[in-house]
Amino acid sequence: MNPSSTQSARKPGNSAVIIIVAVVVMVGLMGGGAMLAVGGGFGRGGLKTDVSGLQELAAVQAQLLPLDACHIEYGVRAGALPHRSTGSRKSASVTPCSGASVSYVSISVPEELQSSQVAFDMTRSSVSAPWKILVDKDQTAFPDLKQSLERLAPLIVEKYPEALATEIQRRVDSERAWQESKAAERARKEAAKTSYPE
């Protein structure tokens, strides 16, 4: 048997393996998508009801309106998988609207302001847009939500701008140090290359 006939005999087997792997990957992706749809997406759990239209929450939204922030997340909620949870009651996660190099800033919440009964996401499309407040009505009672928002809003207004500026500066310093390290490594290699006698 010559080598070319052996290779041609193997090709259909290889194609079958590739097709099987592709089908398995597709089924896995579809299953993962279905779980996300049931779970409400990563980090969102069942936080689907927008309560921003309630007059009792207008003052809180007004406090947070001037911030360069488009997403505020607080509280522990169900994750994409039934046995997993995500989020924290010890900190609030705030995402800037601007094109800063920072993806989010974490604001520590003092113990006396923490709540294990509350989870919410505040979201908007731009600094000039109004806030949406997303909750799971089955898990978070309105009086608890209102109290938590009224406690956390002043904290976020106070701490977030400085925390964002600090994180942006940290990123700038880190990038500068990385560039300097690369330049030093290039210089070292060049010096090593030219250090040998002719």
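The values are calculated or read from the model by the stated rules, or taken from the named source; none is laboratory data. A quick note: this is a predicted structure, and the numbers were derived from the prediction, not measured. FYI the Cβ positions are ideal-geometry reconstructions off the backbone, even for glycines, and counts take in every protein chain you see. The protein model used for the area step is the full one, side chains on, heavy atoms only, and it has no ligands, DNA or RNA in it. Shrake-Rupley method; radii C 1.70, N 1.55, O 1.52, S 1.80 Å.
Only one of the listed residues (SER88, SER116, SER128) is of a type in the set (Ser, Thr, Tyr), at pLDDT 85 or above, open to solvent by 90 Å² or more (accessible area, probe 1.4 Å) and in a loop (DSSP other than H, G, I, E, B). That residue is SER128.
Just need a number here: residues in region 181-198 that are among the polar types (S, T, N, Q) and in a helix (DSSP H, G or I). Number of matching residues: 1. Just a yes or no: is a residue in region 159-171 more than 16 Å from TYR104 (Cα to Cα) and surrounded by 10 or more Cβ atoms within 10 Å (Cβ to Cβ)? Taking every residue of region 159-171 in turn, none turns out to be more than 16 Å from TYR104 (Cα to Cα) and surrounded by 10 or more Cβ atoms within 10 Å (Cβ to Cβ). When the residues of region 131-160 are filtered to those that are among the hydrophobic types (A, V, I, L, M, F, W, C) and part of a loop (DSSP other than H, G, I, E, B), the one that is farthest from SER88 (Cα to Cα) is TRP131. For TRP178, the criteria (1) open to solvent by 80 Å² or more (accessible area, probe 1.4 Å); (2) modelled with pLDDT of 90 or more; (3) outside any loop (DSSP other than H, G, I, E, B) hold in every case but one, which is (2). Taking region 50-85 as the range and being part of a loop (DSSP other than H, G, I, E, B) and either modelled with pLDDT of 90 or more or under 19 Å from GLN147 (Cα atoms) (or both) as the test, the residues that pass are VAL51, SER52, GLY53, LEU54, LEU65, PRO66, LEU67, ASP68, ALA69, CYS70, GLY75, VAL76.
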